[in-house]
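Working notes, structure below.
The values are calculated or read from the model by the stated rules, or taken from the named source; none is laboratory data. Only a predicted model underlies this, so the values are computations on that prediction, with no experimental measurement involved. Quick reminder, even Gly has a Cβ in these numbers, built from the backbone with ideal geometry, and neighbours come from all protein chains shown.
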Amino acid sequence: MVRKLYMSVSCKTDIVGDGKMPRCPKCGAEINSLDVKALTIMRFFMHLGEPCYEPTEAQPEDTRFYCPECGAVLFTSEEEAVKFLKQ
Ligand SMILES: [Zn+2]
């Protein structure tokens, strides 16, 4: 089975804290999740005349965590993002 995937994977983390929400240092909005965007390495090939993308074992590059309110880049590592959301 061939599934088309995209180079840029974007998904929302949805971690609910214990009531006290962290604030974005840029805009001050209370946020309990971050938007994350990571550049992943995919294999690209033609299959039955159609362009296809296939995931590889490579680690995602350029992972960035954004404030969902103002769009500012807040973190570049999961470790920092976890620390922020757990505060
Ligand atoms: Zn913000």
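A few points about this structure:
- Candidate set: segment 15-24, residues that are of a type outside the set (D, E, K, R) and modelled with pLDDT under 95; chosen: the one farthest from the chain's Cα centre (by Cα): G19
- Selection from segment 18-37 of residues that are surrounded by fewer than 12 Cβ atoms within 10 Å (Cβ to Cβ) and at negative phi: D18, K20, P25, E30
- Listed here are the strands (runs of 3 or more DSSP E) enclosed by segment 38-87 that have at least 3 residues being within 26 Å of P22 (Cβ to Cβ) and within 16 Å of the ligand (Cβ to nearest atom): 61-66, 73-75.
- Residues of segment 46-60 include none that is on the phi > 0 side of the Ramachandran plot and either of a type in the set (D, E) or touching a strand residue (DSSP E or B) at 6+ places or on another chain (Cβ under 6 Å) (or both).
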